[in-house]
1. Against the definition (in contact with an Asp or Glu (Cβ under 9 Å, 6 or more places away or on another chain), more than 30 Å from Asp197 (Cα to Cα), at pLDDT 95 or above and not assigned by TED's automatic domain parsing to the domain that holds Pro299), how does Val155 come out, yes or no?
2. Go over the candidates Tyr198, Tyr194 one by one and state the one that is part of a helix (DSSP H, G or I), of a type in the set (Phe, Trp, Tyr) and touching a Gly at 6+ places or on another chain (Cβ under 8 Å).
3. Do the conditions hold for Gly204, that is, is it crowded, with 21+ Cβ neighbours inside 10 Å, over 23 Å from Leu314 (Cα atoms) and among the small types (Gly, Ala, Ser)?
4. Return a yes/no flag: does segment 36-43 have any residue that is within 18 Å of the chain's Cα centre (by Cα), in the same structural domain as Val135 (by TED's automatic domain parsing), among the aliphatic types (A, V, I, L, M) and surrounded by 15 or more Cβ atoms within 10 Å (Cβ to Cβ).
5. If Ser180 passes every condition in (1) modelled with pLDDT under 95; (2) of a type outside the set (Lys, Arg); (3) surrounded by fewer than 24 Cβ atoms within 10 Å (Cβ to Cβ) but one, which one does it miss?
6. For segment 257-275, give me the residue count where each residue is surrounded by fewer than 17 Cβ atoms within 10 Å (Cβ to Cβ) and either among the aliphatic types (A, V, I, L, M) or assigned to a helix (DSSP H, G or I) (or both).
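The values are calculated or read from the model by the stated rules, or taken from the named source; none is laboratory data. For clarity, every value in this text was computed on a predicted model and none was experimentally measured. Every residue, glycine among them, receives a Cβ derived from its backbone with ideal geometry; neighbour counts consider all protein chains shown.
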Amino acid sequence: MEKCLAYYRKKRRVYGVRNHVLIIPTTFCVNNVAYQIWSFFAEERWGDYEENRVVLALHDAGCCHVGFDREIAFRTFLGVASNPNVYGVLLVSLGCGQFCKPPLKPGEDKKTNLMNFKLYDRLVKRGVPVKWVNVQEVGFSRAVEIGVKHVEAMVKEARKLERTGCPLSKIVIGVGNGASDPTSGLFANPAVGYLVDYFIEKGGTVVFTQSTEVLGAEEYLFSKVKREKTRLKLKRLLETLIVFKEGLEEYLGISDPTPGNIESGISTLAEKSLGTVLKIGHSKDIEIKDVLSYAEKIPRNGGLYFMDGPGEDLLAITGMVAGGAQAVIFTTGLGTPIGSVVAPVIKVTANKETYTKLNEIIDVYIPVEKLFEESKSLQEIAIDVLWDYLLRVLSGEPVKAEKRGQMDFGVREYWMKM
């Protein structure tokens, strides 16, 4: 059985491929307080590859969310903060926002204190080491002092952990794409698809998202669905997307494919989608097990899952990571520096010019010339180039986004804030 090396969280019964301490403001109003705390640890690293660090999830959310948006924001905060790659969390609270409720006091009524939107108590329930600081209660400077002490204590404990053998059945990988060009659909996405098949055969779980970027390739998706319940969920989602997208484009114009996609040679969304879906695999024996809501917890039981999510790179990656993905494989034709605040994002391209120009931010080049020069199949090339590298990343080797300090995080919103 092939394994990687990861950190086992005994209380949570999960394996993390990183061992970060996360600082997250519960509302954007205290972003600067959180940043001041993080700045004390900006250069601190630990782990065999110095891959672990104190990470900071800045954002523009956490207040005045309406209806479903409040649930989405909360699910995103909770999911990222409890991702297996996170050792512990410092919540920086203003004191009056939607998710700023203080920890429950002894004897306090959970119902009257909005338990459903209490990040601290939900994280405790999930077994995540968590600390709290309230700016309105103690003041700006004092909040920074308290926050630094909390983080210092968590880093000290995180440093004690060591990697151990981890079955691939305990790993969830997300797959996505962005800044695509024709090489994405012709080579990079199909290559990742072969890796996905191989990873699932080894017992792993894979999730994909970016719902609008499957429109036009519905037939391929449905060919990978065997359960009637999953088929109905997928059908309803796609029908809703079509109505929503057509309604918006009537007023706002076409947003996908992007100007960069079109300039590179992709003519329509359907053409883009037909290449995009190839990254989810080629095996007829591997089915899409279920359709998940954005940032919904991903079952860790092997196989393939589809998560509803936007085409935008940042929110797509954040949704999968909030669902529990420990790593993401992301194809690009034109190039992007995108990363994640808590998970390694492996950037893959089949465009040699892009890889040469953007070598500082692209991790893997798919050498398509070997198709002709060495008569190798794309499947052989994909496994040769990607498999060993994936295992090294899962075992601690930093990707380029991590080396460059990318800590990307965003919160999806459907409606205006009130």
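1. For Val155, the condition - in contact with an Asp or Glu (Cβ under 9 Å, 6 or more places away or on another chain), more than 30 Å from Asp197 (Cα to Cα), at pLDDT 95 or above and not assigned by TED's automatic domain parsing to the domain that holds Pro299 - is met.
2. Only one candidate passes the filter, namely Tyr194.
3. Here the answer is yes, as Gly204 does meet what is asked.
4. No, that holds for no residue.
5. (3)
6. Selection size over segment 257-275: 5.
Listed here are the residues, each with its yes/no results for (1) more than 26 Å from the chain's Cα centre (by Cα); (2) surrounded by fewer than 17 Cβ atoms within 10 Å (Cβ to Cβ).
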position	(1), (2)
Gly339	no, no
Val345	no, no
Glu360	no, yes
Val364	no, no
Pro367	yes, no
Lys370	yes, yes
Ser375	yes, yes
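Matching residues to (1) within 17 Å of Ala350 (Cβ to Cβ); (2) under 16 Å from the mean Cα position of the chain (by Cα); (3) modelled with pLDDT under 95:
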residue	(1), (2), (3)
Leu386	yes, no, no
Lys403	no, no, no
Asp408	no, yes, no
Tyr414	no, no, yes
